[in-house]
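Below you'll find the structure, written out as structure tokens, and then a few comments.
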């Protein structure tokens, strides 16, 4: 069986702010921007990975969610309690400086982790945690 990651989803509460971060700061390309039933989905991805996409979706995108569930999702997003994404980078420190200089909200400065990587972390404009990691050499 040959299974590969195709898409992952990140909830965002403001697509324009999310695009300013994911496209303009991280350098991801916009692959799709779709409106449907008053909601918006934007797909972004790394030019180096044309077959992997991140879908920036509204927090209440699940059509089967009750109004209470949708409210709970919006509250969790506002608190930064939803899961994010881990990106790989060739230079964690340079990536950190670029994102910080662009105004990214720092959660963790670059540090060598005991599990063999150097990484840092930021919040995106919606509050999702994003980690940037590189393998340690030595």
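The values are calculated or read from the model by the stated rules, or taken from the named source; none is laboratory data. This one's a predicted model, so the numbers in the text were calculated from it and none came from an experiment. Note that each Cβ is placed from the backbone with ideal geometry, even for glycine, and that neighbours are counted across all protein chains shown.
Of all the listed residues (132, 87), the sole one being within 22 Å of residue 41 (Cα to Cα), in a strand (DSSP E or B) and in contact (Cβ under 8 Å) with a residue 40 or more places away in the chain is 87.
Results for (1) modelled with pLDDT of 95 or more; (2) more than 29 Å from residue 90 (Cβ to Cβ), shown as yes or no for each residue.
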| residue | (1), (2) |
| --- | --- |
| 5 | no, no |
| 8 | no, no |
| 23 | yes, no |
| 36 | no, yes |
| 62 | no, yes |
| 70 | no, yes |
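Of the set (1) outside any loop (DSSP other than H, G, I, E, B); (2) touching a strand residue (DSSP E or B) at 6+ places or on another chain (Cβ under 8 Å); (3) surrounded by fewer than 17 Cβ atoms within 10 Å (Cβ to Cβ), all apply to residue 56 but (3).
If I ask for residues that are part of a strand (DSSP E or B) and either closer than 21 Å to residue 132 by Cα or in contact with a strand residue (DSSP E or B) (Cβ under 7 Å, 6 or more places away or on another chain) (or both), which ones from the stretch 1-39 would you list? Hits for the stretch 1-39 are 7, 8, 9, 10, 11, 29, 30, 31, 32, 33, 34. Under the condition of being in a strand (DSSP E or B) and within 15 Å of residue 25 (Cα to Cα), the residues counted in the stretch 93-128 number 5. Take residue 80 and tell me if it is assigned to a loop (DSSP other than H, G, I, E, B), exposed (fewer than 13 other Cβ atoms within 10 Å of the Cβ) and either touching a residue at least 24 places away in the same chain (Cβ under 8 Å) or touching a helix residue (DSSP H, G or I) at 6+ places or on another chain (Cβ under 9 Å) (or both). No.
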